[in-house]
Amino acid sequence: MDSLTSLTARKRVLILMADYGYGHRSAADAVAKALRETHGQDCTVEVVNPLDDPRAPALLRTQQANYDRLTREMPDLHDLGYQVSDLPLASNLIESAMTLLLFNVLRKIVRRHRPDVIVSTYLFYPAILSTILAVEKLRIPLVTVVTDLASAHNLWFYPRADLCLVPTQDVFESAVHAGLAPERVVITGIPVDPDLARGRQDLAALRKQLGWRPDLFTVLAVGSKRVEHLYESVQALNHSNLPLQLAVVAGGDDDLFRQLTRTMWRKEATLYNFVPDMASLTRAADCVVGKAGGLTITESLACGLPLVLVDVIPGQETGNAEYVLGEGAADRARDPGEVLDVMERWLADDMAVYQTRAANARRIGRPTAAHDVAEYVFQLSAQGARAVGRRKAPQPAPAG
């Protein structure tokens with residue numbers, strides 16, 4: 001087979017995401033990376049954010065840019081909007097409105113990429129895509145990848161998706177309760193960077209590569225413009241007598257990064273602004289201090305790292321926090337004093353509490369989620385675009 005024929009024969013995978021937070025993009029990138037690693041000779045993968053398209057309504061593009069500010073400055077309003085939009089009538093209205101706003105944008109994307117399978121890591125797209133495929137008289141397999149750990153919004157559960165891949169048993173039950181057929185819902189975990197599946201076997205070497213002390217308990221503190229209390233939490237540890245070192249990521253928050261660089265550090269501390277490859281840092285740490293975002297929690301659990309949650313965005317992150325706290329893989333700290341209390345308790349008595357938290361994190365972590373999702377997606381791509389009709393969901397080996 002010549003190179004042109006080989007390229008034409010490859011399956012085309014289209015992954016759609018959005019930049020409301022970083023979790024949707026991260027999940028999309030993780031699945032794309034896993035597909036390229038395992039099926040790179042047999043498929044091409046494109047990750048697209050329809051909301052970046054200049055034809056998308058300016059309101060939606062602006063909301064993406066302002067999302068961090070909204071969740072940080074008006075959390076109660078954000079929570080109210082989340083709760084109201086989760087009601088059945090409101091969900092139907094939102095689906096209809098989003099279809100009107102994004103129909104032409106998504107239709108042009110589908111026409112341009114001509115995918116054999118479409119993956120959505122953002123909750124609004126499946127309903128719109130279903131309408132587009134009906135108008136175009138196409139039957140392209142559609143996969144929804146849910147990126148909420150526990151309290152998943154009803155808009156995720158669009159009944160015409162071929163597969164709904166969910167992170168936990170709680171979300172599985174929510175999907176079935178919302179009307180999805182159980183055989184079309186699969187627990188895979190939230191896709192994270194496949195590099196996290198490599199584990200932490202050579203911890204000393206990982207830390208030396210990063211310029212960290214290999215012999216100290218290492219706290220990875222992860223911030224962003226949506227984490228309000230990170231600096232104060234880190235300072236409580238910086239001024240403690242605990243034997244630890246700090247790796248602090250500002251997450252692209254330039255003001256926080258400047259504040260960190262002007263700080264007098266009593267502990268060993270390595271500072272980062274935005275880190276595109278968090279996997280290397282996470283694999284080298286012992287625990288994570290940050291907010292209850294699905295990405296932060298999922299990446300931490302994938303490496304067996306317990307968490308100290310210093311911020312929880314009401315609504316979408318409440319379920320995440322309840323899940324990881326309920327599983328005994330995290331502690332909540334509402335102020336810097338509580339952060340210090342948690343860490344003192346973890347490190348006391350030969351780190352008995354810490355070891356329990358870490359064991360629980362390993363138990364519920366799913367480091368291979370991206371590859372598990374990729375296998376389902378690739379198998380569906382073999383069916384490709386065709387006339388409207390029913391078909392069974394693929395049945396690869398059960399995920400982890």
- prompt: Counting only protein heavy atoms, what percent of the accessible surface of the stretch 201-271 is carbon or sulfur at a 1.4 Å probe?
  reply: 46
statement: Per the C-alpha gyration tensor (a ≥ b ≥ c, the square roots of its eigenvalues), the stretch 281-373 is rounded if a/c is under 1.5, else prolate if a/b beats b/c, else oblate; here it's oblate
task: Can you tell me the dipole magnitude for the stretch 277-388 around its Cα centre, using point charges on the Cβ only (Lys, Arg +1; Asp, Glu -1), in Debye to the nearest 20?
output: 460
- prompt: How many Å² of accessible area per residue for the stretch 128-248, probe 1.4 Å?
  reply: 38
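Net charge near residue 310: determine it from the other residues with C-beta under 13 Å of the C-beta of residue 310, scoring Lys and Arg +1 and Asp and Glu -1.
Computed value for this residue: -4.
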- request: Roll a 1.4 Å probe over the protein chains and send me the accessible area per residue for the stretch 273-323 in Å².
  value: 21
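Which loop-located trypsin sites (Lys or Arg not before Pro) does the stretch 185-239 contain, where loop means any DSSP state but H, G, I, E or B and the Cβ has at most 16 other Cβ atoms within 10 Å?
On the way: sites: 198, 200, 207, 208, 225, 226; in loops: 200, 225, 226.
Qualifying residues, ordered by number: 200.
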field: FRET efficiency estimate (nearest 0.05) - Cβ-Cβ, residue 335 to residue 379, R0 41 angstrom
entry: 0.25
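The values are calculated or read from the model by the stated rules, or taken from the named source; none is laboratory data. Keep in mind that this is a model prediction, so the values were computed, not measured. Note that each Cβ is placed from the backbone with ideal geometry, even for glycine, and that neighbours are counted across all protein chains shown. Accessible surface areas use protein heavy atoms only, side chains included; no ligands, DNA or RNA. Shrake-Rupley method; radii C 1.70, N 1.55, O 1.52, S 1.80 Å.
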